[in-house]
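See structure below.
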Protein chains: 4
Amino acid sequence: MDAGEPKFRRRKADRPDEIVAAALAVFAEKGFAAAKLDEIARRAGVSKGALYLYFETKEDLFRAVVGRAIAPNIVLLKAMAAAHPGPFPDLVRGVARQIVGLVETAPMGGVLKMVVGEARNFPELARVWHDELVAHALGAMAGAVAAAQARGEVRPGDPRTYALQMIAPLLVGVLWRETFTPVGAPPFDLPSLMTQHLDTLLGGMLTEEARR
Amino acid sequence: MDAGEPKFRRRKADRPDEIVAAALAVFAEKGFAAAKLDEIARRAGVSKGALYLYFETKEDLFRAVVGRAIAPNIVLLKAMAAAHPGPFPDLVRGVARQIVGLVETAPMGGVLKMVVGEARNFPELARVWHDELVAHALGAMAGAVAAAQARGEVRPGDPRTYALQMIAPLLVGVLWRETFTPVGAPPFDLPSLMTQHLDTLLGGMLTEEARR
Amino acid sequence: MDAGEPKFRRRKADRPDEIVAAALAVFAEKGFAAAKLDEIARRAGVSKGALYLYFETKEDLFRAVVGRAIAPNIVLLKAMAAAHPGPFPDLVRGVARQIVGLVETAPMGGVLKMVVGEARNFPELARVWHDELVAHALGAMAGAVAAAQARGEVRPGDPRTYALQMIAPLLVGVLWRETFTPVGAPPFDLPSLMTQHLDTLLGGMLTEEARR
Amino acid sequence: MDAGEPKFRRRKADRPDEIVAAALAVFAEKGFAAAKLDEIARRAGVSKGALYLYFETKEDLFRAVVGRAIAPNIVLLKAMAAAHPGPFPDLVRGVARQIVGLVETAPMGGVLKMVVGEARNFPELARVWHDELVAHALGAMAGAVAAAQARGEVRPGDPRTYALQMIAPLLVGVLWRETFTPVGAPPFDLPSLMTQHLDTLLGGMLTEEARR
DNA sequence: CATGAATGAGCCTTCATTCAT
DNA sequence: TATGAATGAAGGCTCATTCAT
């Protein structure tokens, strides 16, 4: 930018993000222990030593990667908080559209694998993910369900469980894409999957009146 | 030695199974790369060298672990194949009961993590799992759905997607138990979860006539 | 020993000592930081990994080396404690003979360099050396001086300082041998040095009566 | 720049000396290998890169440090050369006073440690120290002893050894201060130590007539 | 001259694998 | 078979050195 065109030396401020992006890719693919700093450095276009200018240790880098991967998902929380107070199905479909959009753009499969796969080795990361994102999201959706129940829109049942039911097929679809599609399994089209799922599930969740 | 009580000594023939069991526990907890043969040997009650009497390499052991973990799940395929040809909901609930029973007894969470987490590092294992178990199970259930649709019991929709919808919350519940419950998150009761889910989902899947 | 002659595989029990001996040589020559585990392993006739069967870290090995080097010097303390209660000069010369003997056999120069050179980096080692050996030795000799003063054998003066005066030339002679002799400086013959020094020093320390 | 107060800015010409001073402190404390250029640069108040404007390598800087540390000691040689040709004890005490003065002002402990501790890794430095300083000083003192012997002031004995005997306690006292005092050992007061030592030693060195 | 981000060779440490017993 | 001491290749991390600015 300065002095006309991008110099072949990248600007320092971008380095950490570039490293985190490269690290995310490698950690997601290999897992923490199997990921090699050599490969992360190579993919980030820097030397191995440069990693240590920005992160203390490999674990530190991993923490940064997993921690920062929360941010893009936070938008969902805000979207849900700002969701119009209309009929329950509209809310659900609106949120679902956002999530599907996120899944299509962000490397959610890899992040999921990282969080789930390393939860035992990095419990504090699982805790952060739960406390700062998952619990909020699940709680918000459960709250919406409970409100809909109070309005007579949704049948009785545990709201938190309803929330899990709604999102689960998408998560499994993402893991499927990550796990079985690369070895030749037929993929699931996630938007279609989600559409059919919500049609079906809402069909069973809504009361007679709400369904009409 | 110990000329007294030789009967209680485990027979040598059990060694491989004991090793695989110990390895399953460690691999499930740590992942492939972070698992140490020292720990596997210790948990199996044998020396490190003994592992190599039964398995060529660490990868070999891992393959054996993941491969053998298919077997307990195969019963599901047989159960589905032998399922009575009655009404669709009965079939679904019967199968679900079996799966939930399996989930309660077998370390399915750990196995899931292994298969998903190492799919990129061991693609042939993902392939085996898909080809020998997952595809069959999903296909069988999709076939049942299609048959029910043909009989007018189930509404239109992609049968394979329906199958995924049915199982997904249970899988996510298992991963939840593995990931977030250890760090203080409230657990999901899997049988209740499955009951509520099938009630809801079938409510949306079944046609008017079938639902009556 | 077993089965006739020494098998080409050395017996395990000796390994730690062999490693410590090799490490002493390398640490004494290079200092802690410049010493390479590769070289220590090579000189000990084992692989680099074998070091870690007996010592946790390089620092641990260093601590073991410096710690064990105290032992051979402890004999001096015992010799001094058991010293005959005769005239002061006899005591001094007897102890000196022991020390000179030690200096000729043990690698005292290297050990001295290690303790002094790494005192700032490993203060706990300096403390151990002082508390377990040096303070005792200096104190014992100072005690003997004080007793001799009480008996009227030695002139007034600080006993601890007298003790230092007695030993200092030998220590400097050892360091000289370590430092300047290898680059062509004329050596000092330590026994002669010590003889002349004690003759001179006692000449100045003893009272008229004692000197007679 | 800083058009306001340029006068207080250190002149560039001082940089090398400032760097050498900082390096001396760090090398003396840590030893060559454990010393980090980062710390030297920080203590010198310059950037790491700036070190390379004045010194080719870390070894070069070390050589400069050790080499320049000779200079302050050279004054001793001159003092001894210019020493009045009076009685031997006066000469000795005069020189001792100079040395004690030097020890109190210059970081002689650290320098000693550097020279002794790195003699094996940098033999040429040990050689320079010996050839340019130590040999001269020891030789000068030995010469004075020999002259005094010729005058009948000093008893028979190896003059070079006598010289070593005279200086050794001070050197050991310096090393003691460097090594054991920081870990709680009682210190030696070097001037008192030297006074008592010379009183004692001269008492044994001088002939009857000279002592009178 | 001066800076400090970047490099990469080198070292400590780990751990799968081997092998003498 | 079984052991566990020993190996050595591999990888995380450090730090002297370089170089674009």
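The values are calculated or read from the model by the stated rules, or taken from the named source; none is laboratory data. Owing to the predicted nature of the structure, the values given are computational and were not obtained by experimental measurement. Glycine gets a Cβ as well: all are built from the backbone with ideal geometry, and neighbour counts include every protein chain shown. Protein only, heavy atoms only, side chains kept; ligands, DNA and RNA dropped before computing areas. Shrake-Rupley method; radii C 1.70, N 1.55, O 1.52, S 1.80 Å.
Worth pointing out:
- The relative contact order of the stretch A:113-212 comes to 26 percent, based on Cα pairs under 8 Å that sit 6 or more residues apart.
- Residues in the stretch B:29-68 that, when all protein chains are in place, have 40 Å² or more less accessible area than the chain alone would give (probe 1.4 Å): B:Glu29, B:Ala33
- For A:Pro156, the point set 7 Å out from Cα toward Cβ sits 3.6, 10.5, 12.0 nm from its twins in the other copies, listed from shortest up.
- Counting only Cβ charges, +1 for Lys and Arg and -1 for Asp and Glu, the dipole size of the protein assembly as shown around its Cα centre is about 460 debye.
- Helical segments meeting 18 Å axial Cα length and Kyte-Doolittle 0.0 threshold in chain B (DSSP H): B:15-30, B:88-105, B:135-150, B:159-179, B:190-205
- Nearest to the axis that brings chain C onto chain A is this chain C residue, judged by its Cβ, with the distance in whole Å: C:Thr57, 9.
- Relative contact order of chain D: 19 percent, from C-alpha pairs under 8 Å at least 6 residues apart in sequence.
- Per residue value of the accessible surface for the protein assembly as shown (all protein chains in place, 1.4 Å probe), Å²: 47 Å²
- Interchain or long-range residues, amide H under 5 Å from B:Val154's placed H: B:Gln149, B:Thr207
- Compactness of the stretch A:76-178 was expressed as the Cα radius of gyration divided by 2.2 N^0.38 Å, which yields 1.13.
- For A:Arg97, inter-copy label distances in nm, listed shortest first [label point 7 Å out on the Cα-Cβ vector]: 4.3, 9.8, 10.4
- Apolar share of the accessible surface for the stretch D:119-162: 60 percent from carbon plus sulfur atoms, 1.4 Å probe.
- Taking the alpha carbon gyration tensor of the stretch D:12-117, multiplying each eigenvalue by 5 and rooting it gives semi-axes of 33, 14, 10 Å, largest first.
- Global form of the stretch C:99-151, assessed from the alpha-carbon gyration tensor, a/c cut-off 1.5: oblate
- P(r) tail fraction, chain A - alpha-carbon pairs more than 28 Å apart, %: 40 percent
- 20 Å Cα-Cα threshold exceeded, pairs from C:Lys36/D:Lys30; C:Lys30/D:Lys58; C:Lys36/C:Lys113; A:Lys30/B:Lys48: A:Lys30/B:Lys48
- For chain C, built as a Gaussian network whose Cα springs stay under 10 Å, the top-fluctuating residue of C:Gly45, C:Gly184, C:Gly67: C:Gly184
- Cβ neighbours within 10 Å from other chains - mean over B:173-184: 6
- Accessible area of C:Glu118 (1.4 Å probe, protein heavy atoms only, ligands and nucleic acids ignored): about 20 Å².
- Summed buried accessible surface, chains A and B, 1.4 Å probe, nearest 100 Å²: 4400 Å²
- The three principal axes of the Cα atoms in the protein assembly as shown give end-to-end lengths of 135, 93, 44 Å, sorted in falling order.
- Position C:Ala79, label points 7 Å along Cα→Cβ, spacing to each other copy in nm (shortest first, one decimal): 3.7, 8.3, 8.5
- Nearby aspartates and glutamates by direct alpha-carbon distance to C:Lys78 (threshold 17 angstrom, same-chain neighbours under 8 apart not counted): C:Asp90, C:Asp131, C:Glu132
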